[in-house]
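The values are calculated or read from the model by the stated rules, or taken from the named source; none is laboratory data. Keep in mind the model is a prediction, meaning the values are calculated, not measured. With ideal geometry, Cβ positions are generated from the backbone for all residues, glycine too; neighbour counts draw on all protein chains shown. We work out accessible area using only protein heavy atoms, side chains counted, and drop any ligands, DNA or RNA first. Shrake-Rupley method; radii C 1.70, N 1.55, O 1.52, S 1.80 Å.
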Amino acid sequence: MFGKSGSPRRLGHTARLAVLATAIAMGGVAIATAAVPSSAAACNGYVGLTFDDGPTGSTTALLNVLRDNGARATMFNVGQNVQNNRSVAQAQVAAGMWVANHSWNHAHMTSMSQAQMQSDLSQTNSAIQSATGVRPQLFRPPYGETNSTLQSVASSLGLRQVIWDVDSQDWNGASVSAIVSAAGRLQNGQVILMHDGIQNTRDAIPQIMANLSSRNLCPGMISPSTGRAVAPDGGGNPGNPTTPPPGGGTCTATASYPNVWGDRYNTSVTVSGASNWTVVVGLTSPQRVTTTWNGTFSWDGGGTVMTVRSNGSGNTFGFTTMMNGNSAARPQIRSCAAG
Ligand code: ZN
């Protein structure tokens, strides 16, 4: 029978491929070992992406880019802008962003009296809470200008002051590549200053995410207790930890690499905590996914962000990635959302 004679032939072919891969490895071609720990694809650290001065007329464009790239960020909003763009502030939270206080109208606050500082920050908190239902827990003073009075006023309102570790200089006309390069200096726990309403900033986001992904860094939330970037708590906002993120809940996706050959490898991802899920995976160019199984897959325009939805075939999906000369990079799980 055809089936009986065909099967052994295919097995033999597979076995020869495995021998060939081993021979390539022994020949000195740099390939990863077959048993790469699953942590290689997980987040080895977190950075805080922050966007100041919104919400504005271009915030929706910013949210679209962030969402397309599986990124979450902290929006330091100006109170007056929130009051004038309440639905956009709501859209920030709906897109999984964290909303924070950046003063009422971007004044130089260190020249204010204590009472003026108090009034400015509490008015901003109220506007944000009224529009989004989220009480801010983070505050960034305009221009990064602060003093001990301002810090103690902020603290009395439950606001942790957050400045930044890296200034993207996007406010100063930095090019896309300069913004990408600034983000390339981010280390675990650090925070970068960027702004709402700047085209170069939006254009830099796909490359920023690819760079972070290649270093196994993920965008996180900023801890209200330490001011450092940490893993998202799954609650959608540090000011309101019980708010479910988009999709109704989080899940955990863990990657492993059961097969690594000289030119390609398989990734197997197991999801726990939800039976209907959406997992966003970051890929590193020029690596390309060629084969997929057990999920519904879609890609962004650049082919470096893959969204996988459950399709009723269980909680493990997989895909084959061609290395295309980059043997070191591995896919990064960016998010797992239930529903
Ligand atoms: Zn600002």
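Taking only segment 142-163 into account, find how many residues are part of a helix (DSSP H, G or I), open to solvent by 50 Å² or more (accessible area, probe 1.4 Å) and within 16 Å of the ligand (Cβ to nearest atom).
1
Which residue is farthest from THR226 (Cα to Cα), if the candidates are limited to segment 191-205 and must be within 16 Å of the ligand (Cβ to nearest atom) and not in a loop (DSSP other than H, G, I, E, B)?
Restricting to residues being within 16 Å of the ligand (Cβ to nearest atom) and not in a loop (DSSP other than H, G, I, E, B), the top hit is THR201.
Somewhere in segment 71-78, is a residue out of contact with any Gly (no Cβ under 6 Å at 6 or more places or on another chain), more than 16 Å from the ligand (Cβ to nearest atom) and open to solvent by 10 Å² or more (accessible area, probe 1.4 Å)?
no
Of all residues in segment 256-271, how many are assigned to a strand (DSSP E or B) and either under 16 Å from ALA231 (Cβ atoms) or of a type in the set (Phe, Trp, Tyr) (or both)?
2
May I ask you to list the residues in segment 103-117 that are crowded, with 17+ Cβ neighbours inside 10 Å and assigned to a helix (DSSP H, G or I)?
Selection gives MET109, MET117.
Against the conditions (1) closer than 20 Å to ASN85 by Cα; (2) open to solvent by 40 Å² or more (accessible area, probe 1.4 Å); (3) within 16 Å of the ligand (Cβ to nearest atom), where does ILE128 fall short? Just the number, please.
In the conditions (1) closer than 20 Å to ASN85 by Cα; (2) open to solvent by 40 Å² or more (accessible area, probe 1.4 Å); (3) within 16 Å of the ligand (Cβ to nearest atom), ILE128 misses (2) alone.
For ASN81, all conditions in the list (1) in contact with a Pro (Cβ under 6 Å, 6 or more places away or on another chain); (2) not hydrophobic (A, V, I, L, M, F, W, C); (3) not in a helix (DSSP H, G or I) hold save one; what is the number of the exception?
In the conditions (1) in contact with a Pro (Cβ under 6 Å, 6 or more places away or on another chain); (2) not hydrophobic (A, V, I, L, M, F, W, C); (3) not in a helix (DSSP H, G or I), ASN81 misses (3) alone.
Filter segment 179-197 for residues that are in contact (Cβ under 8 Å) with a residue 60 or more places away in the chain and open to solvent by 20 Å² or more (accessible area, probe 1.4 Å) and give the result.
Within segment 179-197, GLN187, ASN188, GLN190, HIS195, GLY197 meet the criteria.
Go through segment 67-121 and give me each residue that's of a type in the set (Asp, Glu) and under 17 Å from the mean Cα position of the chain (by Cα).
Matches in segment 67-121: ASP68 only.
Of (1) of a type in the set (Gly, Ala, Ser); (2) away from the ligand (no atom under 16 Å from the Cβ); (3) at pLDDT 70 or above, ALA107 satisfies all except one. Which?
Tallying (1) of a type in the set (Gly, Ala, Ser); (2) away from the ligand (no atom under 16 Å from the Cβ); (3) at pLDDT 70 or above, ALA107 fails exactly one: (2).
Does GLY48 qualify as being within 16 Å of the ligand (Cβ to nearest atom) and closer than 26 Å to THR254 by Cα?
Yes.
Is it true that some residue in segment 164-178 is away from the ligand (no atom under 16 Å from the Cβ), hydroxyl-bearing (Ser, Thr, Tyr), in a loop (DSSP other than H, G, I, E, B) and surrounded by fewer than 21 Cβ atoms within 10 Å (Cβ to Cβ)?
yes
Restricting to segment 302-323, name every residue that is touching a residue at least 40 places away in the same chain (Cβ under 8 Å) and not in a strand (DSSP E or B).
Once the filter is applied, which keeps residues that are touching a residue at least 40 places away in the same chain (Cβ under 8 Å) and not in a strand (DSSP E or B), segment 302-323 yields GLY302, THR304, ASN315, MET323.
Can you pull out every residue in segment 272-284 that is over 20 Å from ASN44 (Cβ atoms) and assigned to a loop (DSSP other than H, G, I, E, B)?
Result: GLY273, ALA274, SER275, ASN276.
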